[in-house]
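Asks: For reference, the structure I am asking about is given below.
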Amino acid sequence: MDSFEWNKIFAALLVAVLASQLIGWFSDALYHNEPPEKPAYAINVPGEEDDAATDQQAEPAEPQVATIAVRLQDASADKGARAFRRCQACHKIGDGSQHGVGPDLYNVVGSDIAGKDGYNYSTAVAGLEGQWTYANLDRWLTDPQAMGSGSKMVMKVGDPDDRADLIAYLRANTDNPPALPDAAAGSETGDSETANTDAAADSPPDEG
């Protein structure tokens, strides 16, 4: 086969390749489609849906606790007497009663903090200033260690209504107790000051 025949074969192959490319370009131009902005079928990726739902859920707001002035309006000394049973391991209450592990609590409402004669207070409580106002009693029962770090008392009364009932019971066992605070005013009579805990905060934990 001479060179002329070979040239014809190469020319035919070249024409076939060019024709194939032209057909491809023409098809793309004629039938070209842009991808859709949104897929026809949503594909769920594990974990993403749960994360999105979690983000959309607002953090639940902590319930607002009414002031002791408000809670005392409906507090029950009888319920407080029942709640006081858990305190009897350390405290006594009654005219002429003696101190126990904790001080006698008769006439405690409105009295000076660490003001019970004959009781050996811990350094933490002895360093507190002020009186056992309704607000201070509520604060103490909520968390004694927060008010007087190192105090012998560690029991907390978490339920706000239980605290109000206990304070109502203490008030019923106090001669000439302070007047109940004005709930409408949003503050307590004689409760503009709370116990000064600075000295107690610097005190070492009490032993015993």
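Residues checked against (1) under 20 Å from Asp138 (Cβ atoms); (2) in contact with a strand residue (DSSP E or B) (Cβ under 8 Å, 6 or more places away or on another chain); (3) crowded, with 16+ Cβ neighbours inside 10 Å:
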| position | (1), (2), (3) |
| --- | --- |
| Leu72 | yes, no, yes |
| Ala75 | yes, no, yes |
| Arg82 | yes, no, no |
| Gly102 | yes, no, yes |
| Asn107 | yes, no, yes |
| Ala114 | yes, no, yes |
| Gly118 | no, no, no |
| Ser122 | no, no, yes |
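Asks: Exactly one condition in (1) at pLDDT below 90; (2) of a type in the set (Asp, Glu); (3) closer than 30 Å to Asp175 by Cβ is not met by Asp2; state its number.
Replies: Looking at each condition in turn, Asp2 falls short on (3).
Asks: Here is a check on your reading of the model: is Thr133 touching a residue at least 60 places away in the same chain (Cβ under 8 Å), under 20 Å from Leu166 (Cβ atoms) and either crowded, with 17+ Cβ neighbours inside 10 Å or under 30 Å from the mean Cα position of the chain (by Cα) (or both)?
Replies: Criteria met by Thr133.
Asks: A follow-up question, please. How do the helices (runs of 4 or more DSSP H) wholly within the range 76-180 filter down when requiring 1 or more residues that are over 25 Å from Pro63 (Cα atoms) and either β-branched (Val, Ile, Thr) or touching a helix residue (DSSP H, G or I) at 6+ places or on another chain (Cβ under 6 Å) (or both): which remain?
Replies: Counting at least 1 such residues, we get 77-83, 123-126, 160-172.
Asks: Next up: Just the residues that are of a type outside the set (A, V, I, L, M) and surrounded by 18 or more Cβ atoms within 10 Å (Cβ to Cβ), please, taken from the range 136-148.
Replies: Within the range 136-148, Asn136, Asp138, Arg139, Trp140, Pro144, Gly148 meet the criteria.
The values are calculated or read from the model by the stated rules, or taken from the named source; none is laboratory data. Since the structure is predicted, the reported quantities are computational estimates derived from the model, not experimental observations. Don't worry about glycine lacking a Cβ; one is built from the backbone with ideal geometry, like all the others, and counts go over all protein chains shown.
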